[in-house]
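Peer 1: Take this structure, written in structure tokens, and hold onto it; I'll ask about it next.
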Amino acid sequence: MATNPLRDAAQARLEELAVEYLALPDVDWGPMFGSTGLRVRGKVFAVAARAGGLLIKIPEAHADELAESGVAGRMVMGGRPRREWVLVPDEADDTTWSAQLDAAYTYVESIPPLLS
């Protein structure tokens, strides 16, 4: 498997910030977007992007705010921007990454689990 220095650096940074979340109930690592993402109850809320940066799932209104302020950009997949996914760039400081990681965890954790 080829290494990807940008994703590897973002993954290492995410792993450092993930320590406190991994101590919470139902939080673990799982596959997403060809990488390994941080998830709660099986739903990914953060993943290191291939091109570097932190992909997070947050409410659409929060995604709008981050995109408008320039803190993050919309994730585009298949030529379409995703409503609830944004990319926080590598250039953002750890305080920004931590705050947005917390917003993503809080949002995804609040989504009721599907009934089986």
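The values are calculated or read from the model by the stated rules, or taken from the named source; none is laboratory data. Being a predicted model, the structure only gives us computed values, none of them experimental. Reconstructed Cβ throughout: ideal geometry from the backbone, glycine too, with neighbour counts over all protein chains shown. Side chains included, ligands, DNA and RNA excluded: accessible areas come from the protein's heavy atoms. Shrake-Rupley method; radii C 1.70, N 1.55, O 1.52, S 1.80 Å.
Peer 1: If you go through the range 1-40, how many residues are basic (Lys, Arg) and at pLDDT 95 or above? Let's see the steps before the verdict.
Peer 2: Start the filter on the range 1-40 by keeping residues that are basic (Lys, Arg), which leaves 7, 13, 39.
Adding the requirement that they be at pLDDT 95 or above leaves 13, 39.
Residues that pass the stated criteria total 2.
Peer 1: Further question on the same structure: Of the conditions (1) in contact with a helix residue (DSSP H, G or I) (Cβ under 6 Å, 6 or more places away or on another chain); (2) surrounded by fewer than 13 Cβ atoms within 10 Å (Cβ to Cβ); (3) of a type in the set (D, E, K, R), residue 57 clears all except one; give me its number.
Peer 2: The number of the failed condition is (2).
Peer 1: Restricting to the range 90-116, name every residue that is part of a helix (DSSP H, G or I) and over 17 Å from residue 12 (Cα atoms). Step through it out loud before you land on a result.
Peer 2: Within the range 90-116, the first condition is being part of a helix (DSSP H, G or I), and the residues that meet it are 94-110.
Matches in the range 90-116: 99, 102, 103, 104, 105, 106, 107, 108, 109, 110.
Peer 1: Starting from residues that are in a loop (DSSP other than H, G, I, E, B) and within 12 Å of the chain's Cα centre (by Cα), keep the ones in the range 69-89 and report whichever is surrounded by the most Cβ atoms within 10 Å (Cβ to Cβ).
Peer 2: Among residues in the range 69-89 that are in a loop (DSSP other than H, G, I, E, B) and within 12 Å of the chain's Cα centre (by Cα), the one surrounded by the most Cβ atoms within 10 Å (Cβ to Cβ) is 72.
Peer 1: Shifting gears a bit: Answer yes or no as to whether residue 64 is open to solvent by 60 Å² or more (accessible area, probe 1.4 Å) and more than 11 Å from the chain's Cα centre (by Cα). Don't jump to the end; show me each part of the working.
Peer 2: On the way: open to solvent by 60 Å² or more (accessible area, probe 1.4 Å): no; more than 11 Å from the chain's Cα centre (by Cα): yes.
Considered against the rule, which asks whether it is open to solvent by 60 Å² or more (accessible area, probe 1.4 Å) and more than 11 Å from the chain's Cα centre (by Cα), residue 64 comes out as no.
Peer 1: Name the residue that is surrounded by the fewest Cβ atoms within 10 Å (Cβ to Cβ), counting only residues in the range 1-53 that are β-branched (Val, Ile, Thr) and either free of Cβ contacts under 8 Å to residues at least 12 places away in the same chain or under 18 Å from residue 107 (Cα atoms) (or both).
Peer 2: Quick first cut of the range 1-53, residues β-branched (Val, Ile, Thr) only: 3, 19, 27, 36, 40, 44, 47.
Next, from what is left, pick out any that are either free of Cβ contacts under 8 Å to residues at least 12 places away in the same chain or under 18 Å from residue 107 (Cα atoms) (or both): 3, 19, 27, 40, 44, 47.
Numbers: 3: 6, 19: 8, 27: 17, 40: 24, 44: 22, 47: 29.
Here the answer is 3.
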